[in-house]
Amino acid sequence: MATNNHNVLPRGIEPSEFLTAVEKFKALLGAENVLTEPSQLAPYMKIMMPVAESEHAPSAALTATTVEQVQGIVKICNEHKIPIWTVSTGRNFGYGTAAPHHRGQVILNLNKMNKIIEVDPVLCTALVEPGVTYQQLVDYLKEKGYKLWVDPPAPSAIASPVGNTLDRGVGYTPYAEHFMFSCGMEVVLANGEVLRTAMGGIPNSNTWQTFKWGYGPYLDGIFTQSNYGIVTKMGFWLMPEPPVFKPFAIKYDKDEDIEDLVEMFRPLSINGIIPNGVVLVGTLWEASPTVRRSDYTTEKGATSKAIIQRIRDEHQIGAWTAYGALYGTQEQVDVNWRIVTDTVKAAGKGIIVTEEEAGDDIAFTYRADLMRGNMTLVEFGLYNWRGGGGSMWFAPVSQAKGSETRKQVELATRILNKHGLDYVGEFIVTQRALHHLIDVLYDRTDPEEMKAAYACFDELLDEFTKHGYGVYRVNPEFMHKVADSFGPTQRAVNKTLKRALDPNNIFAPGKSGIDLES
Amino acid sequence: MAVSTRWITTKWSLAAGILGLACLLSLAAWAEVNGSWKNGEEVYAKVCGYCHQTGIGPVIKGRKLPPEYTVHVVRNGLRAMPAFPAAFIDDKALREVAGYISKSAAEQKQEAENER
Ligand SMILES: Cc1cc2nc3c(=O)[nH]c(=O)nc-3n(C[C@H](O)[C@H](O)[C@H](O)COP(=O)(O)OP(=O)(O)OC[C@H]3O[C@@H](n4cnc5c(N)ncnc54)[C@H](O)[C@@H]3O)c2cc1C
């Protein structure tokens, strides 16, 4: 089949059946929105996981711009049992990029379905389509003169609020937990019906974007990190720009300081003194905008403690750097600043750095940008540490207790180092829990390092599960394994829902380990 | 907090990429889509510049990069650099940004640091 991407066919589908479906897609969307040639699909072959690209090669990629087109696609997929992997902007770096769960799925890229349907500057709400990027939304708010902020994840400009929220991503302003600040969805179901969740069910409702819960079971959650529908609209809340924004950093010298840091920041977070997603950043992450491993060594394997200490000394980087910000009127910020500085001083360690003191320090500047909803991609510097484009986020959740975070850091570092890789990690504090984010960085052009990275990630999952820890999100290679770690009952319930909502198994089989065929 | 922004030259990867172009590139194969970008300068400012203007990616302005090379790297990615599909940067916008980068003048600071 010369017209298809490297002869990649969906599981169990005959070439003629697939070609018929492709012709129907072309009739529905126009040939220019149905990509099947290898040269057209090249952008979708770029992955960061430690396996061959061919294992996640799509059979085709579609773009749609209307709900009716999405319904039409769903109909064709049902008729021919074509699996469809939907992305909003497909910038899910470290969690699979746009790659489908396995070879032979058809990607539905909704990037061009990008209308900002409504922004209410009074209630501070937005309703957007999946392809709207944070950059597009920020440009729109500026153009309208609305004093409202978005809450971007670190790939801000090129990612989307809908895609990020559907994978339950996080940001850095006080609205950091994105799903918490989402409100109302429109979903195309596998039977072709269009569901508007919660208050969206009431004809002429004007509270769809203001009241999350509606009536009866709260359904929005089952459309996140799942494969039960295609989301075509999502509402969320925007933060009013505060009169005063005061970002700050506090640097700590020692690895073990993480324990005291968490104990100190937890109450400040739970009590709302520091309202945003505070981050506690390890040395190599903090160094990533300016330091490359090759500046210090070209030897393979884990980076020595001596080198990490040299990086700290030569670049004045702490073992841990805490970033947070205060928001509000001048009076509110002044009061809270006093509480923060008194708390730090009472602990007897830590160097406080204000925005004025940081000057144009690139690490501080990009953190401050993220905490005020500005666009930046400086965090991509992480990929320069080892180079070679290999990355997987290992993202266990931790209790917000110092002893727990230290235990996790030590466990992860031991496993990473055993496989010749480095601990490049940070914690995002969301009151009672922490997202522990570790970028498992490796060189994809080095076959040995690819193997090591795979084995390392596998062992990280095994060992953390043994200790009772679970990850909040993962790339497609490990979705089944992580689903197993959450136990057979959760897996069975997810499958029951799948059978009820998508009996032909057309939506993203394998997402979060949910697949009627395995 | 000292900042030591370093610009990495990528002569080797550029050469390899250009050599590989002849067999890999078929511009006509990409769908012609009317995207929402105003022009190449806007794409540079709102996508490329966030990395290539901040020391995260190599400097690409002022190096007379062949537009075909830029088009190839954008569509295929290159090591740490992600690939961008036509749904994100349409073919017309991509040609424009590749032309813009190719014709751009070096910024003084970058020129000096590129020498290193
Ligand atoms: C340096 C760096 C830093 C990062 N920092 C962060 C961070 O701070 N916070 C964070 O959360 N992530 C972070 N990431 C990971 C990731 O890049 C972001 O989460 C990004 O927002 C995800 O890509 P996207 O927005 O294009 O979503 P998409 O890739 O479009 O969507 C993500 C997933 O959601 C599902 N989905 C998307 N759209 C739909 C739909 N319409 N219907 C049904 N299902 C759908 C699919 O399963 C899809 O795979 C980082 C990545 C890098 C490289």
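Values in this text are rule-based calculations from the coordinates and carry no lab data. Quick caveat: nothing in here was measured; it's all calculated off a predicted structure. Reconstructed Cβ throughout: ideal geometry from the backbone, glycine too, with neighbour counts over all protein chains shown.
Site-free segments of chain A were taken between GluC sites (Glu not before Pro) in DSSP loops having at most 11 other Cβ atoms within 10 Å, sites themselves excluded; the longest one is A:300-516. Only one residue of A:I107, A:G272, A:H467 has its Cα farthest out toward the positive end of the dipole of the protein assembly as shown, where Lys and Arg carry +1 and Asp and Glu -1 on Cβ, and that residue is A:I107.
Checking the a/c ratio against 1.5 first, then a/b against b/c, what shape does the Cα gyration tensor give for segment A:155-244? Before the final figure, lay out each step's value.
On the way: a/c = 2.21, a/b = 1.39, b/c = 1.58.
Here segment A:155-244 falls in the oblate category.
Helical content of chain A, expressed as a calculated mean residue ellipticity at 222 nm, amounts to -10500 deg cm²/dmol (DSSP H runs of 4 or more residues, -39,500 (n - 2.57) each, divided by residue number, nearest 500). Shape class of chain A from the alpha-carbon gyration tensor: oblate, with a/c at 1.5 or above and b/c at least as large as a/b.
Working from label points 7 Å from Cα in the Cα-to-Cβ sense, the A:I352 to A:T20 distance is 7.2 nm.
Working from Cα pairs under 8 Å separated by at least six residues, relative contact order for segment A:116-240 is 30 percent.
Ordered by the number of other Cβ atoms lying within 10 Å of each residue's own Cβ, fewest first, A:V279, A:V119 fall into the sequence A:V119, A:V279. A simple spin-label model places pseudo-atoms 7 Å from Cα toward Cβ; at A:V244 and A:Y296 they are separated by 3.8 nm.
If packing is taken as the average number of other Cβ atoms within 10 Å across a peptide's residues, how do A:38-48, A:242-252 rank, most packed first? Walk me through the intermediate numbers first.
Numbers: A:38-48: 22.4, A:242-252: 20.5.
Those peptides, ordered most packed to least, come out A:38-48, A:242-252.
Pick out, from A:G381, A:S205, A:H80, the residue whose Cα sits farthest towards the positive end of the charge dipole of the protein assembly as shown, with +1 on the Cβ of Lys and Arg and -1 on the Cβ of Asp and Glu. The listed residue farthest towards the positive side: A:H80. In plain terms, the chain from A:D484 to A:A306 could stretch by 60.2 nm, reckoned as 0.36 nm per residue minus the Cα-Cα distance. Local charge for A:K81 was computed over the other residues whose Cβ lies under 11 Å away, with Lys and Arg +1 and Asp and Glu -1, and equals -3. Inter-chain neighbour count for A:357-366: the average number of beta-carbon atoms from partner chains within 10 Å of each residue's beta-carbon is 3.
Selection among A:Q135, A:G229, A:G163 by position relative to the dipole of chain A gives A:G229 as farthest towards the positive end (Cβ unit charges, Cα centre).
The label-point distance for A:L123 and A:D458, in a model that sets each label 7 Å from Cα toward Cβ, rounds to 5.1 nm. Each Cα pair under 8 Å and six or more residues apart adds its sequence gap; the mean of these over the residue count of chain A is a relative contact order of 16 percent. For the peptide B:46-59, the mean number of other protein chain Cβ atoms found within 10 angstrom of a residue's Cβ is 5. Charge dipole (Cα centre; +1 on Lys/Arg Cβ, -1 on Asp/Glu Cβ; no other charges) of chain A amounts to roughly 860 debye.
The mean number of partner chain beta-carbon atoms within 10 angstrom of a residue's beta-carbon across peptide B:72-82 is 6.
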